[in-house]
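Comments concern the structure below.
Nothing in this text is a laboratory measurement; each read-out follows from the coordinates by a stated rule. Quick caveat: nothing in here was measured; it's all calculated off a predicted structure. As a convention, Cβ positions derive from the backbone with ideal geometry for all residues, glycine included, and neighbour counts pool all protein chains shown.
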Amino acid sequence: LRHPAGAEAFGYDRDVILPLRLRAADATRPVRLRLKLDYAACEKICIPEQATFELTLAPGEPLAAESAAIAAFEARTPTAWAGEPPRPRPLAGRPKPTWSLEPPFAPAAPGDVFAEGPDGSFIDARRRPDGGFDLVLDQPPAQAGVPLDVRLTRVTPEGAQETSLRLDAAAAKP
């Protein structure tokens, strides 16, 4: 969602399932799964929430009634990008380190791009009118280092693909 002031928010407005694949160290013994989840419930303001959950999975147990829904969400997880690797180009003269990302990795509308940098960082992927994207290092990581290891996710109506790359923050400094 884009705010008129330029801020952008990501989230879910319906059900979401985050599939996990578990492999038991010993397939003859039960597996105990414990989850602690920190999240925010938002509409006009965000309220921090926390949930805990515990589940024991017994060997040979029949599939859960939710298995079809889990499979549907698992099918939506990104696959590896098989095309030519993206080649972000540093853009000089910007207030923050910025790189230009072009097609084919930058998808046409209604597609989107998401960038995940090192812990503590925030890289905003902003669509340009020409169809490309600018990757803007809005929040550098606490442990500033050059280069930045980044995961890019390309989302289109046909599915999502992801790849990893390194961005040279020194080359993109204002």
task = Return the sequence-ordered ³J(HN,Hα) values of the range 133-141 in whole Hz as given by the Karplus equation 6.51 cos²θ - 1.76 cosθ + 1.60 applied to θ = phi - 60°, using x for Gly and Pro.
result = 10, 9, 9, 10, 7, 6, 9, x, x
remark   = Of all DSSP beta bridges with both partners in the chain, the antiparallel percent, nearest 5, is 95
key: Positive-end extreme of charge dipole, the chain - chosen from T98, P30, C42 (charges on Cβ)   = T98
GNM flexibility winner over the chain from A108, A65, A160 (Cα, springs under 10 Å) = A65
request  = Would you mind classifying the range 59-126 by shape? Square roots of the alpha carbon gyration tensor eigenvalues, ordered a ≥ b ≥ c; an a/c under 1.5 is rounded, otherwise it is prolate if a/b is larger than b/c and oblate if not.
outcome  = prolate
message = Stokes-Einstein diffusion coefficient for the chain at 25 °C in a medium of 0.890 mPa s, Rh from the Kirkwood formula over Cα pairs: what value in µm²/s?
response = 129
query = How many nm is it between the label spots at T156 and R21, if each spot is 7 Å from the Cα in line with the beta carbon?
reply = 2.4
request  = Figure the gain on full extension for K44 and L91 (residue separation times 0.36 nm, minus the Cα-Cα span) and round it to one decimal in nm.
outcome  = 13.4 nm
message = Given the DSSP H assignment, sum -39500 (n - 2.57) over each helix run of at least 4 residues in the chain and divide by its residue total; what's the result at 222 nm in deg cm²/dmol, nearest 500?
response = -1000 deg cm²/dmol
key: Most fluctuating residue given options F114, F105, F53, as computed from a GNM of the chain linking Cα atoms under 10 Å   = F53
inquiry  = Need the C-alpha centroid separation for the range 78-120 versus the range 58-77, integer Å.
reply    = 32
